[in-house]
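Shown next, in structure tokens, is the structure this report addresses.
No value in this document is a laboratory result; all are computed from the given coordinates. Quick caveat, the model's predicted, so the values are computed rather than measured. Positions of Cβ are backbone-derived with ideal geometry, glycine not excepted, and every protein chain shown enters the neighbour counts.
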Amino acid sequence: MIVGKDDKGWAMYIDRQRSWFQHSGAHEQRVEGGIHVGSTIGVLLDLDQHTLSFYVNEEPQGNVAFRDLYGVFYPAVSLNRGVSVTVHTALDPPSDSDET
């Protein structure tokens, strides 16, 4: 199952040209501008505000992607062939978030 295809997953899909958010099989909020070698992806799950936001190179990728999120959450990463990722956890929130 691809992340975001069912009602238990929330995802940002991104390539070199654009990104979009997916939940329950629906694509929403398409944003022009993608990633390149060396780009950083940030994910902010705000359990106080019940929102999920995504960042590319420390800049918001569109508006808040998902709202009204409650429950237990598990991170997941899905990649294409020939792609690598390094995961860093417990980082400071982005400077434009309400957490600063």
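Descriptive notes on the structure:
- Local electrostatic count at ILE41 - Lys and Arg +1, Asp and Glu -1, tallied over other residues with Cβ under 13 Å: -3
- ILE2/ASP48 FRET efficiency (R0 35 Å; Cβ-Cβ; nearest 0.05): 0.75
- Among 82-94, 3-15, the order from most to least packed when residues are scored by Cβ within 10 Å on average: 3-15, 82-94
- J(HN,Hα) series, the stretch 3-13, from Karplus relation 6.51 cos²θ - 1.76 cosθ + 1.60, nearest Hz, glycine and proline x: 4, x, 6, 10, 7, 10, x, 10, 9, 10, 9
- PHE66 long-range amide H proximity, modeled H, under 5 Å: LEU52
- A convex hull fitted around the alpha carbon atoms of the stretch 1-80 yields 96 Å³ per residue.
- Magnitude of the charge dipole, the chain, Cβ model with Lys/Arg +1 and Asp/Glu -1, debye to 20: 600 debye
- Ordering of 37-48, 21-32 by burial proxy (mean other Cβ atoms within 10 Å per residue, highest first): 21-32, 37-48
- With contacts taken as Cα pairs under 8 Å and at least 6 residues apart, the chain reaches a relative contact order of 16 percent.
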